[in-house]
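Structure record follows, encoded as structure tokens.
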Amino acid sequence: MKLNNSDLLNLSLEQIASAIGDPTEPVFTLLYQRHPELAAFSREDTSWQHYMIQEILQNLMEMAENPDTALAIIRDMTLHHQMIGLEADTFKGMYRTLHDVVVQHLSGPHREDMTALWEDSVQRICRSVDSAF
Ligand code: HEM
């Protein structure tokens, strides 16, 4: 049976939750390694990191249902974050890093479809980030 995009995304999030729990820490650990420029955002209080991952996952859920709305938000957020000193490359790096953390834990009969959805979503998001300027 083929699942639709929302079901595939939800299934992938469930699999991540049972494999590693909250992905915030592994994502940011890898992100700080890949993007040392992010050190400027590092704080002892890491609650903003959880907030950011929640916003991103919510936007990905919107993306599975209404891609045009989700991508319009991404373009807005690209500009908003640029104003607080976050370059587009770092912004895109967040999505690539999240993708890389997630896909390695996907499993079962829908693994290929979930992986394809994540890859396609991240590619479309990165193109939207580039088109925001
Ligand atoms: C490396 C990636 C990111 C970093 C370091 C980061 C950092 C921040 C920081 C420091 C704020 C609070 C400051 C402010 O709003 O003036 C913020 C707000 C926010 N971020 Fe991010 N962010 C990242 C990626 C994203 C992405 C990809 C999204 C996509 C949905 C997102 C969504 C939001 C939203 C919705 C807010 C609140 C905006 C508002 O105040 O109206 N962030 N981000």
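Looking at E119, E112, just one residue is within 19 Å of P23 (Cβ to Cβ) and of a type in the set (D, E), and that residue is E119. Looking at region 94-133 only, could you name the residues that are more than 13 Å from I56 (Cβ to Cβ) and either of a type in the set (D, E) or near the ligand (Cβ under 9 Å from one of its atoms) (or both)? Of everything in region 94-133, those that are more than 13 Å from I56 (Cβ to Cβ) and either of a type in the set (D, E) or near the ligand (Cβ under 9 Å from one of its atoms) (or both) turn out to be D100, E112, D113, E119, D120, D130. Of the residues making up region 36-93, those that are exposed (fewer than 12 other Cβ atoms within 10 Å of the Cβ), of a type in the set (G, A, S) and either touching a residue at least 12 places away in the same chain (Cβ under 8 Å) or within 8 Å of the ligand (Cβ to nearest atom) (or both) are A40, G85. With respect to being out of contact with any Leu (no Cβ under 8 Å at 6 or more places or on another chain) and under 23 Å from R111 (Cα atoms), I73 falls outside the description. Counted as qualifying within region 18-84 are the helices (runs of 4 or more DSSP H) with 3 or more residues that are more than 15 Å from M94 (Cα to Cα) and modelled with pLDDT of 95 or more, namely 47-65, 67-83.
The values are calculated or read from the model by the stated rules, or taken from the named source; none is laboratory data. All of these numbers come straight from a predicted model, not from anything done at the bench. Note that we place each Cβ from the backbone using ideal geometry, even for glycine, and neighbour counts take in every protein chain shown.
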